[in-house]
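Read the structure below first, then the notes.
The values are calculated or read from the model by the stated rules, or taken from the named source; none is laboratory data. Owing to the predicted nature of the structure, the values given are computational and were not obtained by experimental measurement. Neighbour counts are summed over all protein chains in view; Cβ atoms, including those assigned to glycine, are modelled from backbone coordinates with ideal geometry.
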Amino acid sequence: MSKKSKITRRGIMKLGALSTTLPLLNVANINAQNLGPGNAYVGDIGGRDAGRLFTGDHIEGGGQMEIRLNQSVNTSDPHELEVARRIRPFDPVSWYQEWQRVGEINEGIASGYDDESLRVSAHHFYLRAFKFYRAAIVYQEDTDETMLPGYLKMKEMFDKAWEMQPPPFERVTVNVDGNDLDGYFRKPNGPEGTRYPAFITYLGADSMAESTIMAMSGYVSRGMASLVVDLPGQGAAKRLKNLFMKPDTERYVSDLVSYLETRSDVDPNRIGLRGQSMGGYSAPRAAASESRIKAVWMGAGSYDLYRDLFDFYPPIRDRVRWIIGANDLGDARNKIKEYTQEDTARNIECPMLIGYGATDRIMDPEGAYRLYNAAINSERQMWSDAGHPHHNEKSGGPKFLRLPTAEDWAARVLGSL
């Protein structure tokens with residue numbers, strides 16, 4: 001199959017057919033390609049659009065600059081609009097100050113409702129405060145003096161919000177690689193005794209478990225349960241316990257799968273793995289060594305983190321240094337070269353949906369293409385309507401309709417629809 005080709009529907013069906021050897025997956029009833037309009041970008045095999053990305057070939061990283069620290073005026077939220085109008089784009093101090101300011105406004109409103117026992121209104125504004133405080137600290141480094149206080153404030157608002165209303169999730173603690181780590185489990189509201197297909201989300205460089213579990217509605221409404229845990233290099237594990245991510249991510253995922261197998265509300269034969277951003281490396285890497293994973297999908301596939309992230313997007317290097325526990329950028333450059341799927345991708349045997357965006361400026365789309373070519377034993381497909389387009393939108397780029405392709409694909413493969 002040539003790069004950038006659009007394969008025929010018959011070819012798509014052939015690539016998408018699930019192996020009859022997978023236990024408890026009824027191929028006749030679970031056609032991974034029966035995604036309606038979501039089929040539009042599945043089977044679109046390719047990598048980066050170099051002409052639109054690398055405008056400075058002689059510059060390190062091809063000239064990829066910071067694009068995250070900005071807020072678009074294309075929003076109906078009055079406080080987001082305030083930030084968009086006041087912020088100095090790509091200025092870390094201004095970014096923190098402006099989001100912190102609207103976070104404080106919403107916290108004050110929430111506290112006023114809380115004082116009067118108006119719990120529904122207090123819940124709403126505590127969640128808004130959580131969202132804005134999270135935005136303020138999401139890109140901060142370990143060396144920033146506001147990092148830890150800001151993170152704790154974000155957690156405080158999240159916890160207060162769910163003191164006001166019954167949460168749609170269960171708080172869990174899972175022993176992962178010898179450490180007790182906190183996370184969240186969320187499932188559909190089905191009859192007592194139902195065993196649901198479930199999946200683990202492997203978070204990205206800037207992800208946090210609290211915001212991720214709140215974004216799982218699309219999966220839960222399709223009959224799937226979701227587990228999100230801050231693993232080493234992420235969220236609380238990184239900020240509160242100084243735990244850093246190792247290259248062999250199966251060491252974490254295997255413990256999470258074992259935990260799901262203990263739950264009476266999870267079908268142990270239908271467990272999947274979703275990779276979010278940097279998790280586009282971590283999820284397939286883990287699936288290569290964990291046979292209990294029956295499907296793996298990701299929004300930004302990666303073959304190795306040195307080429308696809310560290311070398312491709314220089315603004316994220318300090319964050320990567322922190323995630324993997326390197327002493328400095330030189331040490332990070334040496335260590336990150338171990339984070340590769342060169343010797344593991346061929347061991348992935350479960351169905352896989354590899355997302356990418358041809359103009360993704362954070363994760364090199366070429367890495368997704370390398371992963372596709374290397375994972376020769378997986379019934380794999382590529383999906384071009386993925387990556388990190390929201391960062392381009394924040395800087396005034398075009399807005400695209402994102403179809404629920406990943407949710408529907410996972411539901412079909414894990415058999416929840």
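Hey, among ARG274, ARG270, ARG239, which residue is out of contact with any Ser or Thr (no Cβ under 6 Å at 6 or more places or on another chain), among the basic types (Lys, Arg), under 26 Å from ASP408 (Cβ atoms) and in contact (Cβ under 8 Å) with a residue 12 or more places away in the chain?
ARG270
For region 57-78, the criterion of being closer than 23 Å to ALA161 by Cα and not acidic (Asp, Glu) is satisfied by at least one residue.
So how many residues does region 341-373 have that are among the aromatic types (Phe, Trp, Tyr) and part of a helix (DSSP H, G or I)?
First, the residues of region 341-373 that are among the aromatic types (Phe, Trp, Tyr): 356, 369, 372.
Among the residues that remain, those that are also part of a helix (DSSP H, G or I) are: 369, 372.
Residues in region 341-373 being among the aromatic types (Phe, Trp, Tyr) and part of a helix (DSSP H, G or I): 2 in total.
Among the listed residues PHE185, PHE158, PHE199, identify the single one that is outside the structural domain of LYS241 (by TED's automatic domain parsing) and either assigned to a loop (DSSP other than H, G, I, E, B) or hydrophobic (A, V, I, L, M, F, W, C) (or both).
Details: PHE185 fails: outside the structural domain of LYS241 (by TED's automatic domain parsing); PHE199 fails: outside the structural domain of LYS241 (by TED's automatic domain parsing).
Answer to the selection: PHE158.
Could you check, for region 409-417, whether at least one of its residues is more than 20 Å from the chain's Cα centre (by Cα), part of a loop (DSSP other than H, G, I, E, B), outside the structural domain of ALA237 (by TED's automatic domain parsing) and of a type outside the set (Gly, Ala, Ser)? Scanning region 409-417, I find at least one residue that is more than 20 Å from the chain's Cα centre (by Cα), part of a loop (DSSP other than H, G, I, E, B), outside the structural domain of ALA237 (by TED's automatic domain parsing) and of a type outside the set (Gly, Ala, Ser), so the answer is yes.
Scanning region 213-243 for residues that are within 23 Å of ASN269 (Cβ to Cβ) and either in contact with a Lys or Arg (Cβ under 8 Å, 6 or more places away or on another chain) or of a type in the set (A, V, I, L, M) (or both) yields MET216, VAL220, MET224, ALA225, SER226, LEU227, VAL228, VAL229. If the condition is being over 17 Å from ARG239 (Cα atoms) and surrounded by fewer than 19 Cβ atoms within 10 Å (Cβ to Cβ), then region 142-168 contributes ASP159, TRP162, GLU163, GLN165, PRO166, PRO167, PRO168. Based on what the data block shows, is ALA122 more than 30 Å from LEU329 (Cβ to Cβ), assigned to a helix (DSSP H, G or I) and in contact with a Leu (Cβ under 7 Å, 6 or more places away or on another chain)? No; evaluated as a whole, the condition is false for this residue. Scanning region 275-305 for residues that are hydroxyl-bearing (Ser, Thr, Tyr) and surrounded by 21 or more Cβ atoms within 10 Å (Cβ to Cβ), we see that the one that is farthest from GLY233 (Cα to Cα) is TYR303.
List the helices (runs of 4 or more DSSP H) that sit entirely inside region 209-297 and contain at least 3 residues that are touching a Cys at 6+ places or on another chain (Cβ under 6 Å) and outside the structural domain of PHE158 (by TED's automatic domain parsing).
Details: elements: 209-214, 217-220, 235-239, 250-261, 279-287.
Counting at least 3 such residues, we get no helices (runs of 4 or more DSSP H) at all.
Does ASN347 meet the test of being within 13 Å of PRO284 (Cα to Cα), out of contact with any His (no Cβ under 7 Å at 6 or more places or on another chain), among the polar types (S, T, N, Q) and surrounded by fewer than 23 Cβ atoms within 10 Å (Cβ to Cβ)? Yes, satisfied.
Among the residues of region 62-83, just one is under 30 Å from PHE310 (Cβ atoms) and assigned by TED's automatic domain parsing to the domain that holds ALA136, namely VAL83.
Would you point out which residue out of ALA386, ALA358 is out of contact with any Lys or Arg (no Cβ under 7 Å at 6 or more places or on another chain), modelled with pLDDT under 95 and among the aliphatic types (A, V, I, L, M)? Spell out the reasoning first.
Values: ALA358 fails: out of contact with any Lys or Arg (no Cβ under 7 Å at 6 or more places or on another chain).
Going through ALA386, ALA358 in turn, the sole match is ALA386.
Pick from region 41-64 the residues that are surrounded by 13 or more Cβ atoms within 10 Å (Cβ to Cβ) and part of a loop (DSSP other than H, G, I, E, B): which of them is farthest from the chain's Cα centre (by Cα)? Going through the qualifying residues, I end up with PHE54.
Suppose we filter LYS337, LYS394, LYS399 for residues that are under 26 Å from LEU53 (Cα atoms) and more than 21 Å from the chain's Cα centre (by Cα); which single one remains? It would help to see each step written out before you state the result.
On the way: LYS394 fails: more than 21 Å from the chain's Cα centre (by Cα); LYS399 fails: more than 21 Å from the chain's Cα centre (by Cα).
From the options LYS337, LYS394, LYS399, the qualifying one is LYS337.
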